[in-house]
Structures are given as C-alpha cells and as structure tokens.
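Nothing in this text is a laboratory measurement; each read-out follows from the coordinates by a stated rule. Bear in mind the structure is a predicted one, so any value in this text is a computation, not a measurement. Note: ideal-geometry Cβ built from the backbone for every residue, glycine included; neighbour counts use all protein chains shown.
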C-alpha cells in the first residue's frame, strides 16, 4: 500500500528534480609536463604561500604603486568587466526565478453590445489569480541554472584576468617609459661629448694639426646623435600617451627620473615548481567554468527529449456588477496538470543535443589550449632568465673594454699616431653598448613581469 510517507518522499524527489541527465563532470588531464625545467633558472626558495603574492609586494616602487592603484580605479576595461558581471548576475537571477512557483494576477472589464440599436449593451468584470509550477522532473531548469551560475563564475574570473593584465600592462609601460627616458639621457650625454670633440677637432683644423675629413666625421656623428634624440623624444611622448590611456586619466603618468626605476625585482619561486600552479590562473579558471557550463547545457538538451510536467491552478471571479465581483457565488477554481511530450519536431532536439555536445568538446579543447599557452609563457620566461643575465654580464664587460679603448684611441690621436676615425668608431660602439645594457636591464624586468603574470600573480593587493 502506498503510504503517506512514501507519497511525501516521492513528491519531494519530483519537486527537487531527482532525475538529472547531465553527464558526470571530469576535469580534463593536463596536456603539459608535471614540472617545469628549472635546471638553469636560479630560483629563489620561498614559503608555500608564494602564489598569494600581491602586486604591491612585487612592484615596490612607490610611484609605480600609485600608478597601478590609479589605473585599477579609473581604467575603462575594469569598469566594463564589472558591468559584464552585473549583466550575467541578472541573467542568472532570471533563470533561477523560473524554478519557483509563478503567481500572476489579472483583471479586466469587458463591454459588449449588438450592432442593432434595439440590442442593449452589457458590462462584465473579471478578476483572477493563477499559480503555476514546473516540476522540472528531468532537471531542465536545474541544469539551466547551473549553466548560468558557471557563466557567472567565469565572468568573475574574466574580471580577475582583466585586473592582472592591466597591472602587467601599466608596469610594462612604466618601465618602457623609464627605458626610453634613460636612453634619451644617454643620447644627450653622448651629444655633449660629440660637441666637445667637434669643437676640439675644429680648433685643431684651425691650428693645422688636423684635417677637414676628421672635422666632417665629427660633424656626422653629432648629426646622427641629434636624429637619435629626436626619435627618442617622439617615442617618449607616445609611451606616455599609452600609459595615460591605461590609467584612464591624463593628469598622471608623466615621465620622471625615478631613482631605482630599473631596479631588478625577480619573481620568487619554490624549489620544485609544478605545472599545477597554472590552475590558479584566472583565464584557466574561466575556461574551466565555461566547460562546466557546457556540461550542464548537455543536461538541458537531454531533458528536451522527456516530458515537461507543469501544474497550473487558479481562482477567478466574474460579475456584471463590481460589488458582487468577490462574491463566492461568482467565483471559480481550476486545476490543470499538463504534460508536454515531444513527438515530432524534425529532429530539432537531436540536432540541438549534437550542437551542445560539440560546444562541450570545444570547451575541453579551449581549456587544454589555455593550459598549454600558459605553460609556454612560464617556460619561455624561465628560459630567458639565464640568457638575459649572461648577455647583460657580457655587455657590461664589453663596456669596460670600450672605455679603456676610447682613452687609448684619444691618446694615440692626440700624439698624432692614430686616426680620428678610430676615436669615432670607439665612441659609436660605446654609445650603442650603453643603450644595449639599458635594453637588457629593461628586458630582464619585463621578463619577470611576464613570469609574475603567467603564474597568475597580481590579483591580490
């Protein structure tokens, strides 16, 4: 005999949607090695909480910290990402509301009469309430809600990713601005040296101890340096404009000779760096939530093959007189259980199921692609560490050699033994090497910023 307890349990299972057609979710395997190759990367041992490093801990320059804080407050990309979250949260609320009972009220007044003049007219008042509930026995609404929830979580991770990318972009533009400013200073210092050299050669031509060829050569390198200064000034203006766009304000971001602006700050990593660290990146978390949403949509598509059960009940009243509208004698009640079963729709449900299955497969590929791209970004940054360091050391040694060679070339030229072209060649090499060293210092810092970002850092303050 079907007892009251069994009836209550059965009703509870139906109302909660005990039949769920969504496939079991399985996180795809990582399509990358378990660990990064760290044999030549000079890692710095740190505590286990290294992944929680905030951008204020990594970017220690006060001026840069102020710029990043300003950008996070005023940048339009951040504002747009926040608005997208609000939009998806509202969509989630709309979908979630469909699972609850829907109560609607309606009222109307109906006037009618005959077309002939001898027929009178009448007036009828109607009022009613209707309560409907989708039992969602096969989990269509439940999985729709889950898909929207995962889309909401994905949008929040997307906002985190915009946050991290913005922090990285502001810092890179800041250091690029400092790089160009320092290169401009090197060019201006070199111009002063060339001006002194040109004045010296011109005096020697007047005295007859040098020739016009040496004078023209001295003038040529001076003009070349003037062109280099003009180029750097244009690049500096463009970089400042780019930085101000990221900041969302044109009141800040002006170049300043910050002390220690190019100071090297390495990313601190554990002794054994597992590729599982990539799973904390917001773009990968976003892809995972998108995959879960696609998985839930399969359950929605499968539920379309099964009956949809809807219960509708109502109370209504109708009367020709308004004061009798709420009289029980004029009232009616109704109860309408409805079952809808798809019979023929030209394979629409089959095609829709095939579509969402393909979307789920695309989501898997997208998830694995993002992990592979993230692995490459980290591996590239780790590989560049040692390479850039050795280049910098070699260039610094070369700079010392060039300074010594320049002094010797000047002494030989002053004694009449050497040619002035040797002095000019050494000066040009010295100028180029100084700029190369600054470029390498900048490249090292940018590489660390890329590594910091590739590991998912920069979200916390």
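Between residue 96 and residue 165, the C-beta separation translates, for a Förster distance of 30 Å, into a calculated FRET efficiency of about 0.45. Looking at the chain, the DSSP beta bridges with both ends there are about 100 percent antiparallel. The order of the peptides 294-301, 398-405 by mean Cβ neighbours within 10 Å, most packed first, is 294-301, 398-405.
The angle separating the long axis of helix 282-303 from the principal Cα axis of greatest extent in the chain is about 20 degrees.
When only alpha carbons are used to place a centre, the range 98-172 and the range 274-289 end up 34 Å from one another. Going by neighbour counts of Cβ atoms within 10 Å, the residues 194, 250 line up, fewest first, as 250, 194.
Spin-label model, residue 254/residue 332: points 7 Å from Cα along the beta carbon direction are separated by 7.9 nm. Protection proxy ranking, highest mean first, for peptides 272-283, 86-97: 272-283, 86-97, where packing is the per-residue count of other beta-carbon atoms within 10 Å, averaged.
One entry in [x] 312; [y] 148; [z] 174 is volume of the Cα convex hull per residue in Å³ calculated from the shown coordinates; its label is [x].
When only Cα pairs below 8 angstrom with a gap of at least 6 residues are kept, the chain shows a relative contact order of 28 percent. The protection proxy used here, the mean number of other Cβ atoms lying within 10 Å of each residue, ranks peptides 237-245, 180-188 as follows, highest first: 180-188, 237-245.
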